[in-house]
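Asks: For reference, the structure I am asking about is given below.
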Amino acid sequence: MGGRDKVQDDWFKATEFPRSANYDPDWVLENMMGPNALWLTESLAGCMGFHSGMRVLDLGCGKGLSSIFLAKEYGAQVWAADLWIDASENFRRIREAGVEDRVFPIHAEAHALPFADGFFDAIVSVDAYHYFGTDDLYLENHLARLVKSGGQMGIVVPGLVEELPSAEAPEHLREYWEPVFFSLHSPGWWKRHWERSGLVDVELSDLLPDGWRLWMASDLAWSEHLGNPSKEADMLGLDRGRTLGFARMVGRRNDRPASRLDEL
């Protein structure tokens, strides 16, 4: 896949994401920080029970596209938390989108979230959880306590089709491989990672259908927008879903109390 016509065709006509198709592509491109956050959020929302008025934590929201989407499409109240993007900058974007009464930007680090236990009806993390959530104790010590019993937690992250058999990059991807890619894991790995905490009943753990193609289409459109060549798109085109894609997981918080660091 390559060339402007094909990129634009994929960008504007991703029929599997009809809600995302209603948003201005220029606005999306201008505020992207990686693969199309609206596509990823819609893919996750289809597996979760969002409804009007529910309280949602959007952890690692970037420039707030996912938070704005959840507020506009489902009427959720969303706390948009991110470390890298200033909350005032996000608030301007939120206000321009007309959802300042439903989306509340927070500047926060994932290990120091300033929220009450059980405050949220749901937690989502789109294209961010792999930066901090691979820690064996992260769910137990920092996140699970924030969602009420019976509430859902959902993530969608760049991932692997299967775990790598060694500590080396796949041979066909070695030219492109970066150390950060070793933070990527398979749906099976993520499922075991959450289940062994004893805090979450995993309801879904899979690869986003055709995720590598969607990732590549996003990257090509973004690189064209920036006027830069895309090494990552070349990598995805070479791999064609053999190794890389998007891992998606949804779990439901059970009744077991979560520990806190100050209790250990």
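Read-outs throughout are calculated quantities, based only on the coordinates presented, and are distinct from any laboratory measurement. Here the structure is a predicted model, which is why all the values come from computation and not from measurement. Note that we place each Cβ from the backbone using ideal geometry, even for glycine, and neighbour counts take in every protein chain shown.
Asks: Say the dipole of the chain comes from +1 at the beta carbon of Lys and Arg and -1 at that of Asp and Glu; which of 153, 207, 247 then lies farthest toward its positive end?
Replies: Result: 153, furthest along the dipole toward the positive end.
Asks: Okay, next question. Classify the range 119-222 from the C-alpha gyration tensor, please: rounded if a/c falls under 1.5, else prolate or oblate depending on whether a/b exceeds b/c.
Replies: In terms of gyration-tensor shape, prolate.
Asks: Further question on the same structure: What size of dipole, in debye to the nearest 20, comes out for the range 17-124 about its Cα centre when the only charges are +1 on Lys and Arg C-beta atoms and -1 on Asp and Glu C-beta atoms?
Replies: For the range 17-124, the charge dipole is close to 180 debye.
Asks: Hey, what number do you get for the chain at 222 nm if only DSSP H runs of n ≥ 4 count, each worth -39500 (n - 2.57), divided across all residues, to the nearest 500? List each step's numbers first, then the result.
Replies: On the way: 8 runs with 79 residues, N = 264.
Rounded to the nearest 500, the figure is -8500 deg cm²/dmol.
Asks: Can you order the peptides 115-125, 158-168 by their average number of other Cβ atoms within 10 Å per residue, highest first?
Replies: 115-125, 158-168
Asks: Given contacts defined as C-alpha pairs under 8 Å and at least six residues apart, what's the relative contact order of the chain, whole-number percent?
Replies: 20 percent
Asks: If you don't mind, another one. Given 0.36 nm per residue, what is the gain on full extension from residue 192 to residue 234 after removing their alpha carbon distance, in nm?
Replies: 12.0 nm
Asks: Suppose R0 equals 35 Å; then what is the FRET efficiency for residue 148 and residue 21 from their Cβ-Cβ distance, rounded to the nearest 0.05?
Replies: 0.60
Asks: Follow-up. Determine the shape class of the range 200-243: with a ≥ b ≥ c the square roots of the Cα gyration tensor eigenvalues, call it rounded for a/c under 1.5, and otherwise prolate if a/b is greater than b/c, oblate otherwise.
Replies: prolate
Asks: About its Cα centre, what dipole magnitude does the range 129-264 give when the only charges are +1 on Lys and Arg Cβ and -1 on Asp and Glu Cβ, stated in debye to the nearest 20?
Replies: In debye, rounded to 20, the range 129-264 gives about 500.
Asks: Ordered by packing density, taken as the mean number of other Cβ atoms within 10 Å over each peptide's residues, highest first, how do 33-40, 71-78 rank?
Replies: Listed from highest to lowest mean packing, they are 33-40, 71-78.
Asks: Another question, then. Please list the equivalent ellipsoid semi-axes of the range 6-136, computed as the square roots of five times the alpha-carbon gyration tensor eigenvalues, in descending order and whole angstrom. Before the final figure, lay out the partial values.
Replies: Numbers: eigenvalues 104, 50, 48 Å².
Three semi-axes, in Å: 23, 16, 15.
Asks: So if I take the centroid of the Cα atoms in the range 167-228 and the same for the range 118-148, what is the distance between those two points in Å?
Replies: 18 Å
Asks: Kirkwood Rh over alpha-carbon pairs of the chain, then Stokes-Einstein at 25 °C and 0.890 mPa s: what D in µm² s⁻¹, rounded to an integer?
Replies: Value of D from the Cα-based Kirkwood radius: 130 µm²/s.
Asks: Find out how many positive minus negative residues lie around residue 55, taking Lys and Arg as positive, Asp and Glu as negative, among other residues whose Cβ is under 12 Å from that of residue 55.
Replies: 0
Asks: While we're here: Charges only on Cβ, +1 for Lys and Arg, -1 for Asp and Glu: so what's the dipole of the chain about the Cα centre, in debye to the nearest 20?
Replies: 580 debye
Asks: Here's something else I'd like to know. What trypsin sites (Lys or Arg not before Pro) does the range 117-209 have in DSSP loop regions with at most 12 other beta carbons within 10 Å? Show your work: numbers first, answer last.
Replies: On the way: sites: 145, 148, 174, 191, 192, 196; in loops: 174, 196.
Those satisfying the criteria are 174, 196.
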